[in-house]
Amino acid sequence: MPYEAGEHDCIVVGAGHAGCEAALAAARLGASTLIFTLNMDNIALMPCNPSIGGPAKAHLVREIDALGGEMGQNIDETYIQIRMLNTGKGPAVHALRAQADKFEYQQRMTTVLQNQKNLDIKQALVDKILVNTHGEIEGIETETGAIYRSKTVILCTGTYLRGKIIIGEVNYFGGPNGQRSAINLSSSLKAAGIEVGRFKTGTPARVDKRTIDFTKMIVQPGDVFEQHFSFTSKRTKDINIPCFLAYTNSDTHDTIKNNLHLSPLFSGKIEGTGPRYCPSIEDKVVRFADKDRHQIFIEPEGLNTNEMYVQGMSSSLPEEVQLQFLRTVQGLEDVEVMRTGYAIEYDYIVPTQLMLSLEHKSISGLFCAGQINGSSGYEEAAAQGLMAGINA
């Protein structure tokens with residue numbers, strides 16, 4: 001049964017990287033702000049790579065910081081390695097990249113949100129946006145019937161909008177890391193006349209550090225001198241946890257090619273378009289058939305976990321095939337998988353419906369930021385969230 005639950009100047013739907021920056025920007029500008037998250041324990045979750053920055057991304061973090069955003073401060077306080085990339089090239093392409101302790105990153109950002117003046121946080125699934133007959137946003141409704149009124153709503157739904165997890169023949173509705181997906185909200189957007197499309201992205205397996213032979217890999221340490229993303233950073237920790245470089249080989253590629261008929265990417269089970277900048281390992285093996293090897297990086301997910309992220313091996317092949325091709329890599333011959341890689345399909349808003357302010361052209365007060373706009377990466381999402389929060 002719907003009931004009136006409160007009123008705010010600004011409502012943010014989703015507490016990922018876009019949502020956190022949007023809510024903080026609005027609240028810091030003095031607006032009474034309410035942010036919704038599916039799970040209070042997963043604010044600022046890093047569902048894919050446990051890092052911030054790198055080529056085409058690092059400068060965004062610096063710009064977010066210059067405009068009063070939080071991402072730069074947050075990664076500076078929680079990184080376990082930092083490194084300037086592309087130092088062998090000209091300064092225009094130098095890019096700072098930090099390896100995060102992803103759990104600490106979440107916890108610190110959650111603390112910042114909880115202590116921010118003018119900002120309230122609620123755990124709830126938002127089912128509907130409320131739009132009046134004049135094409136103006138009036139608020140949202142949750143699955144429990146709670147109606148929250150506001151003249152501005154910022155949608156930062158990430159990959160959760162009708163999200164579907166795909167691993168080989170297995171598929172089910174859900175969000176990253178075993179979370180729920182928002183099914184009804186997508187229908188509500190369509191009912192409001194918003195054009196919605198379908199994208200897909202993916203993530204690699206997480207493997208057990210204890211089952212890796214690092215002596216067969218190339219150590220990638222961080223820089224020995226301290227560096228920061230934020231211009232006001234006061235970090236004093238001295239931590240430098242290495243990553244490791246390995247390569248795929250002909251056995252890896254043969255294993256993947258021999259199982260392409262089981263890949264949802266090539267069997268037509270995935271309808272969404274993939275991202276330009278992080279192709280799956282299946283994609284790379286098919287598209288770059290002339291390459292006899294591909295780089296992969298083994299990256300720690302945090303100080304207090306044995307999970308290692310296998311960057312460069314995103315896959316939606318069946319679980320047993322993922323284990324087979326991982327074990328063809330030098331150093332991973334006896335590896336054990338802790339979390340299987342998967343693809344996720346999700347709805348996005350066709351971004352040509354938005355103005356440069358990220359406000360919808362025909363629904364006054366409705367803003368969208370991050371992966372709902374088809375963006376790629378935490379940093380781009382955060383930058384859009386900041387801009388939407390300022391403009392809303």
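The values are calculated or read from the model by the stated rules, or taken from the named source; none is laboratory data. Since this is a predicted model, take the numbers as computed values, not measurements. Cβ atoms come from the backbone with ideal geometry, glycine included; neighbour counts cover every protein chain shown.
Only one of the listed residues (I218, I239, I296) is surrounded by 15 or more Cβ atoms within 10 Å (Cβ to Cβ) and either among the β-branched types (V, I, T) or modelled with pLDDT under 95 (or both). That residue is I296. Only one entry of P264, P275 meets the criterion of being at pLDDT below 95 and more than 30 Å from D76 (Cβ to Cβ), and that entry is P264.
Considering only region 80-103, state which residues are over 17 Å from the mean Cα position of the chain (by Cα) and in contact (Cβ under 8 Å) with a residue 24 or more places away in the chain. Explain how you work it out, then say what you get.
Looking only at region 80-103, we keep the residues that are over 17 Å from the mean Cα position of the chain (by Cα), and these are 80-96.
I80, Q81, I82, R83, M84, L85, N86, V93, A95, L96, listed by residue number.
Select the helices (runs of 4 or more DSSP H) contained entirely in region 237-296, then report the ones holding at least 1 residues which are among the hydroxyl-bearing types (S, T, Y). I'd like the intermediate steps shown before the answer.
On the way: elements: 250-257, 264-267, 281-287.
Correct list: 250-257, 264-267.
Applying a threshold of 8 Å to beta carbon distances and a minimum spacing of six or more residues, or different chains, the list of pairs starting in region 178-204 at a residue that is free of Cβ contacts under 8 Å to residues at least 12 places away in the same chain and ending at one that is not in a loop (DSSP other than H, G, I, E, B) reads K190/V196.
Check whether at least one residue in region 282-293 is more than 30 Å from A98 (Cα to Cα) and either at pLDDT 95 or above or among the small types (G, A, S) (or both), and report yes or no. Yes, region 282-293 contains a residue that is more than 30 Å from A98 (Cα to Cα) and either at pLDDT 95 or above or among the small types (G, A, S) (or both).
Restricting the search to region 338-392, which residues are basic (K, R) and more than 19 Å from the chain's Cα centre (by Cα)?
K361
Conditions tested, residue by residue: (1) among the acidic types (D, E); (2) at pLDDT below 95.
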| site | (1), (2) |
| --- | --- |
| M46 | no, no |
| I52 | no, no |
| G72 | no, no |
| D76 | yes, no |
| P91 | no, yes |
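Residues that are buried (at least 21 other Cβ atoms within 10 Å of the Cβ), closer than 30 Å to A343 by Cβ and of a type in the set (F, W, Y) within region 126-179 comprise just one, Y160. Can you tell me which residue within region 299-347, out of those that are of a type in the set (D, E) and either free of Cβ contacts under 8 Å to residues at least 24 places away in the same chain or out of contact with any Asp or Glu (no Cβ under 9 Å at 6 or more places or on another chain) (or both), is surrounded by the most Cβ atoms within 10 Å (Cβ to Cβ)? Per the criteria, the residue is D347.
Quick check on G377: is it of a type outside the set (A, V, I, L, M) and touching a strand residue (DSSP E or B) at 6+ places or on another chain (Cβ under 8 Å)? Taking the combined requirement at face value, the residue does not satisfy it.
Contact map, region 245-267: residues that are under 29 Å from T215 (Cβ atoms) paired with residues that are surrounded by fewer than 14 Cβ atoms within 10 Å (Cβ to Cβ) and of a type in the set (D, E, K, R), Cβ distance under 8 Å, separation 6+ or inter-chain. Pairs shown: A246/K216; Y247/R293; T248/R293; N249/D292; N249/R293; S250/D292; H253/D292.
Being assigned to a helix (DSSP H, G or I) and either in contact (Cβ under 8 Å) with a residue 24 or more places away in the chain or of a type in the set (K, R) (or both) is the filter here, so list the residues in region 348-373 that pass it. Working first, answer last.
First pass over region 348-373, keeping only residues assigned to a helix (DSSP H, G or I): 351-353, 370-373.
Matches in region 348-373: Q353, G370, Q371, I372, N373.
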